[in-house]
Amino acid sequence: MDSLVGFRFHPTDEEIILLLTLKRFDPGFSVRTIKEIDLYSFEPWELPWHSEIQSEEEVWYFFCEPYYKYAKSKRAHRRTKEGYWKKTGNGSKIKRKYSTEVIGTKKILSFLRDDTAAKKAKTEWVIHEIAVEDSPDYEKDFVVCRLERKRDKKHGVSKDQSSQILTSERNHVAEATERNHVA
């Protein structure tokens, strides 16, 4: 992984649609900053290490070929070993700048971890899945996934870590209160 001093990759949705269109016409097309990967075969915390460019902004981009649950369905399979990506909201349409022409769609997905107590634990990981409008001219189906790690800015730790800290603090307070009542 190269460190490019002064380099910042922050494309607009319209620019991502352009790159995605090129990738769908020519599956061999590549961009240095967007690696092609089987996104759903990894846990979200493993993905940053597979990115071509490391960033302090904690945003990574990947080309991903969707895996569908059924042969004739467009229902995507987004499960990993430790959880799954759940769609939040209805998604949105991406329009060409200064126009009403729809050129793609964007879905937002949050990663939910399967807890041992059969509870679903929301994590700090979010994906913006960007897809281009379909065309019979495309060679292969791809989407661009923009992976983000949303940290708790107030404490400078991740949401997962902050919930663990809060649980630890509650346990400590409960133990101290119990000792005071016993004494």
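Some points to look at:
- Taken over segment 12-31, the criterion of being assigned to a loop (DSSP other than H, G, I, E, B), open to solvent by less than 70 Å² (accessible area, probe 1.4 Å) and touching a residue at least 40 places away in the same chain (Cβ under 8 Å) is satisfied by 27 alone.
- Between 159, 120, the distinction of being surrounded by 14 or more Cβ atoms within 10 Å (Cβ to Cβ), modelled with pLDDT under 85 and of a type in the set (Lys, Arg) belongs to 159 only.
- On inspection, residue 47 fails the criterion of being hydrophobic (A, V, I, L, M, F, W, C) and farther than 26 Å from residue 18 by Cβ.
- Close Cβ contacts (under 9 Å, 6 or more residues apart or on different chains) running from residues in segment 94-106 that are in contact (Cβ under 8 Å) with a residue 60 or more places away in the chain to residues that are in a loop (DSSP other than H, G, I, E, B) and surrounded by 10 or more Cβ atoms within 10 Å (Cβ to Cβ) comprise 97/12; 103/96; 103/133; 104/133.
- Only a single item in (1) touching a helix residue (DSSP H, G or I) at 6+ places or on another chain (Cβ under 7 Å); (2) at pLDDT below 90; (3) of a type in the set (S, T, N, Q) is not met by residue 80, and it is number (2).
- Subset of segment 39-67 that is under 16 Å from residue 131 (Cα atoms) and more than 13 Å from the chain's Cα centre (by Cα) - its residue that is modelled with the highest pLDDT: 65
The values are calculated or read from the model by the stated rules, or taken from the named source; none is laboratory data. Computed from a prediction, not measured in an experiment: that's the story for all the values here. Using ideal geometry, Cβ is built from the backbone for each residue, glycine included, and neighbour counts are taken over all protein chains shown. Quick note on the areas: whole protein, heavy atoms, side chains included, nothing else; ligands and nucleic acids left out. Shrake-Rupley method; radii C 1.70, N 1.55, O 1.52, S 1.80 Å.
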